[in-house]
Amino acid sequence: LDQLFEEAIYIINKLEKYNYQAYFVGGCVRDYLLKRPISDIDIATSAPPEKVQLIFSNVIPIGLKHGTVIVRHLHKSYEVTTFRIDGKYSDNRRPDNVEFIQSIDEDLKRRDFTINALAMDSSGNIIDLFDGTLDLRKKVIRTVGKGSERFHEDPLRIIRALRFSSQLGFAIDTDTLKDMMVIGPEITKLAVERIRVEVTKFFGGSYIDNGINYLKKTEVHLYLPVMINYPYIIDKLPTRFDPLNGFSEIVTFFHYLEPSICMEEWFVSWKCSNQEKRDVKQLVKSIDYYKKYGLDKWLVYCLRAPYFDAFVRLLNLLYPSELLTKKEIILIHDSLVIHTREELEVDGHDLIALFPNKGKGPWIQEALNKIEKDVILNHVPNKNNELKDWIKWNPPEIS
Ligand code: ATP
Ligand code: MG
């Protein structure tokens with residue numbers, strides 16, 4: 001077994017010592033069998049959540065009502081969830097109510113797709129009630145039970161099917177696909193917070209081209225925020241897509257795909273955080289500058305290192321012929337004479353001393369901006385005396 005599982009076996013063994021059943025379940029078993037990197041390890045157990053809390057010393061109850069606690073072990077977190085059957089899903093992230101049960105079989109039955117309905121015991125034996133391992137081999141996404149019922153129960157599963165097609169490069173079973181199209185309109189009932197998680201993973205999938213094909217086929221975008229109002233947007237997607245990392249990149253990408261849609265509409269409809277709004281604005285400003293002036297030192301300086309990856313990904317997607325690499329940007333970044341405003345050898349006090357009549361005011365910031373750009377573009381060296389001379393010959397505009 002994988003190193004990750006080896007450490008987690010402690011938790012299974014301990015639950016078993018108290019005469020409870022415990023298994024690895026869901027995505028970690030799927031990814032283990034696919035030899036993909038495992039994101040997190042989930043454990044299902046017959047122990048009720050109160051007992052799990054008693055058995056382990058370091059426990060964080062995150063969803064007692066739904067039977068989920070986090071067990072900390074050797075500085076890692078494991079979600080331990082009691083076997084359960086789900087009640088009705090309303091707008092929330094989780095079903096409204098759940099019933100705890102004693103057998104893993106029913107717990108596996110509530111799961112969305114056969115490839116996600118696998119369990120594994122501590123010896124590596126797989127429990128596979130719905131031919132999930134066969135579907136893994138055939139590379140097929142298929143619902144557990146009737147798609148029409150399962151999608152109606154929780155329409156998020158429709159978007160999850162697309163998400164897995166994009167992450168795994170799997171085909172979607174034809175019946176499942178038909179049911180996705182029939183139940184698609186019910187997506188509009190979902191809370192946008194739930195949709196966002198899956199849409200973000202969808203656009204980040206290594207097989208995003210496969211995902212986009214299914215998106216086009218199912219027309220699920222017709223039921224997603226914003227896109228619902230601009231259905232033609234799907235036809236504008238490039239034929240060769242590359243994965244995007246995070247929701248800000250997705251919004252920025254769609255802004256250039258269809259600039260007539262007001263940015264605020266994306267922000268409001270998708271409930272973007274202030275940080276996401278800042279990220280989108282920073283990326284849009286930089287891409288607009290690039291379109292006007294191309295890549296120069298001022299652009300790289302203003303962009304700042306945390307945005308390099310996103311900027312390169314977006315430019316390559318929007319202007320595939322230009323072949324911009326992160327290495328080029330890093331080279332330019334390394335060649336900059338200063339990397340922050342603080343490193344500039346003049347400051348506001350110098351300016352006030354040079355122009356005592358002007359007094360304090362917004363002209364100081366404007367003048368510093370201009371000098372900063374002159375230094376970055378190597379029009380003048382970053383030396384206090386030379387900068388002062390430069391400013392005297394190029395005085396700030398009289399305002
Ligand atoms: P990832 O690698 O992205 O975490 P995952 O398969 O683990 O993929 P999660 O969203 O973490 O996906 O869910 C864990 C498991 O819970 C799934 O594998 C599936 O068995 C079950 N599950 C999650 N969401 C649903 C849902 N909406 N309906 C039914 N089962 C679900
Ligand atoms: Mg998971």
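The values are calculated or read from the model by the stated rules, or taken from the named source; none is laboratory data. Note that this is a predicted model, so its numbers are computed, not measured. Every residue, glycine among them, receives a Cβ derived from its backbone with ideal geometry; neighbour counts consider all protein chains shown.
Tally up the residues in segment 34-56 that are of a type in the set (Gly, Ala, Ser), within 12 Å of ligand 2 (Cβ to nearest atom) and in contact (Cβ under 8 Å) with a residue 24 or more places away in the chain, please.
0
Surrounded by 13 or more Cβ atoms within 10 Å (Cβ to Cβ), assigned by TED's automatic domain parsing to the domain that holds residue 100 and in a helix (DSSP H, G or I) - does that describe any residue in segment 70-80?
no
Inspect all residues belonging to segment 170-177 and state whether any of them is within 16 Å of ligand 2 (Cβ to nearest atom) and either surrounded by 19 or more Cβ atoms within 10 Å (Cβ to Cβ) or over 25 Å from residue 4 (Cα atoms) (or both).
From segment 170-177, those within 16 Å of ligand 2 (Cβ to nearest atom) are none; that's our starting set.
Within segment 170-177, not a single residue is within 16 Å of ligand 2 (Cβ to nearest atom) and either surrounded by 19 or more Cβ atoms within 10 Å (Cβ to Cβ) or over 25 Å from residue 4 (Cα atoms) (or both).
Among the residues in segment 146-167, are any over 25 Å from the mean Cα position of the chain (by Cα) and under 26 Å from residue 36 (Cα atoms)?
No, there is no match, as no residue in segment 146-167 is over 25 Å from the mean Cα position of the chain (by Cα) and under 26 Å from residue 36 (Cα atoms).
Collect the residues in segment 29-52 that are part of a helix (DSSP H, G or I) and either crowded, with 23+ Cβ neighbours inside 10 Å or in contact with a His (Cβ under 9 Å, 6 or more places away or on another chain) (or both), keeping them in residue-number order. Show your work before the answer.
First, pick out the residues of segment 29-52 that are part of a helix (DSSP H, G or I): 29-33, 49-52.
29, 30, 49, 52 - these are the residues of segment 29-52 that are part of a helix (DSSP H, G or I) and either crowded, with 23+ Cβ neighbours inside 10 Å or in contact with a His (Cβ under 9 Å, 6 or more places away or on another chain) (or both).
When you scan segment 57-69, how many residues do you find that are outside any helix (DSSP H, G or I) and either under 20 Å from residue 120 (Cβ atoms) or within 16 Å of ligand 2 (Cβ to nearest atom) (or both)?
Residues of segment 57-69 outside any helix (DSSP H, G or I): 57-63, 67-69.
From what's left, either under 20 Å from residue 120 (Cβ atoms) or within 16 Å of ligand 2 (Cβ to nearest atom) (or both): 62-63, 67-69.
Here the count works out to 5.
Test residue 31 against the criterion of being free of Cβ contacts under 8 Å to residues at least 12 places away in the same chain, closer than 24 Å to residue 150 by Cβ and within 16 Å of ligand 2 (Cβ to nearest atom), and give yes or no.
Details: free of Cβ contacts under 8 Å to residues at least 12 places away in the same chain: yes; closer than 24 Å to residue 150 by Cβ: yes; within 16 Å of ligand 2 (Cβ to nearest atom): yes.
Yes; evaluated as a whole, the condition is true for this residue.
Please specify each residue of segment 139-180 satisfying the condition of being assigned to a loop (DSSP other than H, G, I, E, B), closer than 12 Å to residue 112 by Cβ and in contact (Cβ under 8 Å) with a residue 40 or more places away in the chain. So that I can check it myself, show each step before the final result.
Start the filter on segment 139-180 by keeping residues that are assigned to a loop (DSSP other than H, G, I, E, B), which leaves 139, 142, 144-146, 154-155, 169-170, 173.
Now restrict to residues that are closer than 12 Å to residue 112 by Cβ: 142, 144-145, 154-155.
The one that is assigned to a loop (DSSP other than H, G, I, E, B), closer than 12 Å to residue 112 by Cβ and in contact (Cβ under 8 Å) with a residue 40 or more places away in the chain: 154.
Can you confirm whether segment 318-338 contains a residue that is exposed (fewer than 14 other Cβ atoms within 10 Å of the Cβ), part of a loop (DSSP other than H, G, I, E, B) and of a type outside the set (Ser, Thr, Tyr)?
yes
Run down 390, 363 and say which single residue is surrounded by 14 or more Cβ atoms within 10 Å (Cβ to Cβ) and more than 28 Å from residue 332 (Cα to Cα). Full working, then the answer.
Values: 390 fails: more than 28 Å from residue 332 (Cα to Cα).
Criteria check complete, one pass: 363.
Condition check: within 16 Å of ligand 2 (Cβ to nearest atom), modelled with pLDDT under 95, in contact with a Pro (Cβ under 9 Å, 6 or more places away or on another chain) and closer than 29 Å to residue 156 by Cα. Does residue 87 satisfy that? So that I can check it myself, show each step before the final result.
Details: within 16 Å of ligand 2 (Cβ to nearest atom): no; modelled with pLDDT under 95: yes; in contact with a Pro (Cβ under 9 Å, 6 or more places away or on another chain): yes; closer than 29 Å to residue 156 by Cα: yes.
Here the answer is no, as residue 87 does not meet what is asked.
Kindly list, by first and then second residue, each pair from a residue in segment 214-231 that is under 15 Å from residue 258 (Cα atoms) to a residue that is among the acidic types (Asp, Glu), limited to pairs with Cβ atoms under 7 Å and residues at least 6 apart or on different chains.
226/265; 230/258
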